[in-house]
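Comments concern the structure below.
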Amino acid sequence: MIPAAFDYVRASSLAQAIDLLRDDPDGTKLLAGGHTLLPALKLRLASPALLIDIAGIAELKGIEIGEAGIRIGALTTHTELLASEPLNEALPVFRQAAGLIADPQVRNRGTIGGSLANADPAADWPAVMLALHAEFEIAGSKGLRRVAARDFFVDIFSTVLEGDEILASIHIPRPNAGTCFIYRKIRHPASGFAVVGIAVAMRLQQSVVTEISIGVTGAANHAFAGGDAADFLIGKTLSQENMDRAAKLLGETTACLSDRYASAEYRANLLRIEIRRALLALSS
Ligand SMILES: Cc1cc2nc3c(=O)[nH]c(=O)nc-3n(C[C@H](O)[C@H](O)[C@H](O)COP(=O)(O)OP(=O)(O)OC[C@H]3O[C@@H](n4cnc5c(N)ncnc54)[C@H](O)[C@@H]3O)c2cc1C
């Protein structure tokens with residue numbers, strides 16, 4: 001449980017961190033909250049030559065609530081997302097999801113940017129980002145680029161981030177008035193990670209679904225948007241029959257993971273149950 005030797009630099013700006021990353025992308029790791037990276041170092045699952053501590057970079061911090069949208073710095077901790085009143089007013093799903101992450105120790109140190117960049121298939125934030133149509137601002141030696149959440153997650157622990165890139169911030173468009181949200185998950189009893197987690201943003205007008213987006217985590221090798229189920233529900237009421245059909249679609253179109261804890265069949269069943277529960281909660 002002792003990491004291999006590494007050099008350590010505490011970066012004071014985004015530009016400095018990118019310069020250091022560019023010098024040796026394969027041998028360098030960024031350190032944010034450290035709640036994934038430090039255990040990995042101790043278990044020698046990662047042995048970088050250089051650790052760049054980005055925790056002090058001011059440009060990567062803060063929650064800004066604007067007219068058109070919301071900007072969240074990558075270094076914002078789960079606890080800050082849980083505690084922010086303005087964010088809770090604009091997008092209550094943040095408080096809901098943050099409160100379900102692990103325990104206060106993890107929430108106090110872990111960051112949303114670290115969670116998204118790490119792309120654990122069972123992490124909570126990716127589902128929420130997909131349901132909210134988030135875009136990620138990525139900074140690298142070639143400048144800034146924006147990537148939609150639906151295009152960001154590539155595979156287990158894999159994203160579109162290049163070796164010299166840093167996830168800088170998250171941008172979420174303001175939802176239309178009347179949009180309601182939910183995030184719910186079946187927790188792994190030991191870690192608290194999602195065996196299956198579902199985020200839904202939905203707008204009903206006279207009991208008919210006029211807008212809906214669904215983000216799913218835990219079920220497959222990376223988080224994904226439940227597009228077919230969402231498309232099916234547009235223009236329909238949340239009748240038992242329509243919810244069952246949407247749940248079936250979601251189960252059928254997902255290539256579920258299978259591991260020691262949950263078989264693919266079990267996860268597909270949880271998926272069907274959780275989407276029904278989420279829709280039911282939003283319909284009442
Ligand atoms: C006991 C325990 C229980 C947990 N339970 C849950 C849970 O229920 N749900 C959940 O979602 N998560 C859970 N987590 C994970 C937790 O949320 C971590 O905080 C998170 O995965 C990583 O964030 P971090 O800031 O600690 O990142 P770090 O550990 O510092 O970094 C993680 C990885 O991301 C890279 N990285 C970090 N920041 C950036 C950035 N801005 N740009 C590019 N790359 C970056 C690092 O180089 C590293 O490879 C748990 C962790 C522990 C230890």
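Give ARG95, ARG71 a once-over and let me know the one that is in a helix (DSSP H, G or I) and of a type in the set (D, E, K, R). Only one candidate passes the filter, namely ARG95. When ILE166 is tested against (1) open to solvent by less than 30 Å² (accessible area, probe 1.4 Å); (2) more than 11 Å from the ligand (Cβ to nearest atom), just one condition goes unmet, and that condition is (2). Selection of strands (runs of 3 or more DSSP E) fully inside segment 118-206 by the criterion of at least 2 residues being farther than 18 Å from THR254 by Cβ and modelled with pLDDT of 95 or more returns 135-140, 143-148, 166-173, 180-187, 194-205.
For segment 71-93, a tally of residues being open to solvent by less than 60 Å² (accessible area, probe 1.4 Å) and either more than 25 Å from ALA194 (Cβ to Cβ) or touching a Phe, Trp or Tyr at 6+ places or on another chain (Cβ under 9 Å) (or both) returns 12. If you go through segment 207-222 and keep only what is part of a strand (DSSP E or B) and over 14 Å from the mean Cα position of the chain (by Cα), you end up with VAL208, VAL209, THR210, GLU211, ILE212, SER213. In the set (1) away from the ligand (no atom under 13 Å from the Cβ); (2) in a loop (DSSP other than H, G, I, E, B), LEU87 fails one condition alone, (2).
Being touching a residue at least 40 places away in the same chain (Cβ under 8 Å) and either touching a strand residue (DSSP E or B) at 6+ places or on another chain (Cβ under 6 Å) or among the polar types (S, T, N, Q) (or both) holds for only one residue in GLY114, GLY69, and it is GLY69. Please determine whether any residue of segment 186-201 is in contact with a strand residue (DSSP E or B) (Cβ under 7 Å, 6 or more places away or on another chain), open to solvent by 10 Å² or more (accessible area, probe 1.4 Å) and without any contact (Cβ under 8 Å) to a residue 24 or more places away in the chain. No: zero hits. Applying a threshold of 7 Å to beta carbon distances and a minimum spacing of six or more residues, or different chains, the list of pairs starting in segment 9-31 at a residue that is under 15 Å from GLY56 (Cα atoms) and ending at one that is exposed (fewer than 15 other Cβ atoms within 10 Å of the Cβ) and not polar (S, T, N, Q) reads ARG10/GLY56; SER12/GLY56.
Here are some residues: LEU31, LEU21, LEU43, LEU50. Which one is closer than 24 Å to TRP125 by Cα and either more than 9 Å from the ligand (Cβ to nearest atom) or in contact with a strand residue (DSSP E or B) (Cβ under 6 Å, 6 or more places away or on another chain) (or both)? Working first, answer last.
Details: LEU21 fails: closer than 24 Å to TRP125 by Cα; LEU43 fails: closer than 24 Å to TRP125 by Cα; LEU50 fails: closer than 24 Å to TRP125 by Cα.
That would be LEU31, the only listed residue that is closer than 24 Å to TRP125 by Cα and either more than 9 Å from the ligand (Cβ to nearest atom) or in contact with a strand residue (DSSP E or B) (Cβ under 6 Å, 6 or more places away or on another chain) (or both).
With respect to the conditions (1) under 17 Å from the mean Cα position of the chain (by Cα); (2) farther than 25 Å from ALA15 by Cβ; (3) more than 8 Å from the ligand (Cβ to nearest atom), ILE65 lacks only one, and its number is (1). Do we find that ALA97 is surrounded by 15 or more Cβ atoms within 10 Å (Cβ to Cβ), under 30 Å from ILE182 (Cα atoms) and touching a Ser or Thr at 6+ places or on another chain (Cβ under 9 Å) in this structure? So ALA97 does not fit the description; no.
May I ask you to verify whether ALA58 is under 20 Å from LEU167 (Cα atoms) and open to solvent by 50 Å² or more (accessible area, probe 1.4 Å)? Break it down stepwise before answering.
Values: under 20 Å from LEU167 (Cα atoms): yes; open to solvent by 50 Å² or more (accessible area, probe 1.4 Å): yes.
Considered against the rule, which asks whether it is under 20 Å from LEU167 (Cα atoms) and open to solvent by 50 Å² or more (accessible area, probe 1.4 Å), ALA58 comes out as yes.
For segment 122-144, the set of residues classified as more than 9 Å from the ligand (Cβ to nearest atom) and either closer than 14 Å to ILE170 by Cβ or surrounded by 21 or more Cβ atoms within 10 Å (Cβ to Cβ) (or both) consists of ALA127, VAL128, MET129, LEU130, ALA131, LEU132, HIS133, ALA134, GLU135, PHE136, GLU137, LEU144, listed by residue number.
The values are calculated or read from the model by the stated rules, or taken from the named source; none is laboratory data. Fair warning: this is a prediction, and the values are worked out from it, not measured in the lab. Heads up, the Cβs are rebuilt from the backbone with ideal geometry, glycines too, and the neighbour counts pull from every protein chain shown. Areas reflect the complete protein model, heavy atoms only, side chains present, ligands, DNA and RNA absent. Shrake-Rupley method; radii C 1.70, N 1.55, O 1.52, S 1.80 Å.
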